[in-house]
Amino acid sequence: MKDTTNQLTLRVADISEAEALIELTHAAFAEYELTSYPSRVAEETAETIRGQMAAGDRVFVVERGADKLACVRCRVDGDALYFYRLAVHPSARRQGIARMILAFLECVARSEGRRRLTCCVRERESGNVALYKGAGFHEFGEPSTKIRGGNPVVSLNMEKVLMPFMANGRAKMPISSFGYPLSHLSKAGSSPEQGASQ
């Protein structure tokens, strides 16, 4: 029997896991608190996630065994699937996890008939911008500027235009979103994974 102890899996998170999810997200975004442009993630609580999920947002979590290594939140926005708070724990970076999450989200969006996968990323986070561009995203619309820690922070809108899955003329989702082995989506490798999207 194949040993799956170290296999990465991705599944839909349950609202009862909000405490663990916010702890993971805080760990991933903690580096921003040491800068002059802190993220508002630090202001979020488990109740924030519960409220978002109750409103219809979905949260996907990546695990290795019982350990939660990464998570991402997403919601439907017109013809797009918008994702945010893509968070990879510092101990799990440079394993290709963020890139594999993007591939999974693309599959979800395409299977649901969405025409775009979108996100917002800080312009100054060049590694994260490069990650998205490397995955086929491009900038669209006008950048937005917000004040963080008394300093202006410019954020870019990014999108990837999608083609639907087709099987006998009908859209088809080729994978399950419950306990899906991420190794099927991409080979692990190095990438600039951080608290990747706002």
In nanometres, the difference between 0.36 nm per residue of separation and the alpha-carbon distance of residue 55 and residue 91 is 9.9 nm
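Rg over Rh of segment 8-184, using C-alpha atoms and the Kirkwood radius, what does it come to? If you can, show how the numbers build up before the last one.
On the way: Rg = 16.1 Å, Rh = 16.9 Å.
Using only Cα positions, Rg/Rh for segment 8-184 is 0.95.
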If you project the alpha carbons of segment 36-130 onto their three principal axes, what span does each projection cover, largest first, in Å?
36, 34, 29
Residue-span extension gain [residue 14 to residue 124] - 0.36 nm each, minus C-alpha spacing
36.3 nm
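Could you list the trypsin sites (Lys or Arg not before Pro) in segment 30-117 that lie in coil according to DSSP, counting only those with at most 16 other Cβ atoms within 10 Å of their Cβ? Walk me through the numbers on the way to the answer.
Working: sites: 40, 50, 58, 64, 68, 73, 75, 85, 93, 94, 99, 110, 114, 115, 116; in loops: 93, 94, 114, 115.
Within segment 30-117, the qualifying trypsin sites (Lys or Arg not before Pro) (loop, at most 16 other Cβ atoms within 10 Å) are 94, 115.
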For 25, 145, 35, ascending order of other Cβ atoms within 10 Å (fewest first) is 145, 35, 25
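Any read-out appearing in this document is the output of simple, stated calculations on the displayed coordinates, not a laboratory observation. Worth saying up front: this structure is predicted, and the values here are computed from it rather than measured. Please note: Cβ atoms are built from the backbone with ideal geometry, for glycine as well, and neighbour counts cover all protein chains shown.
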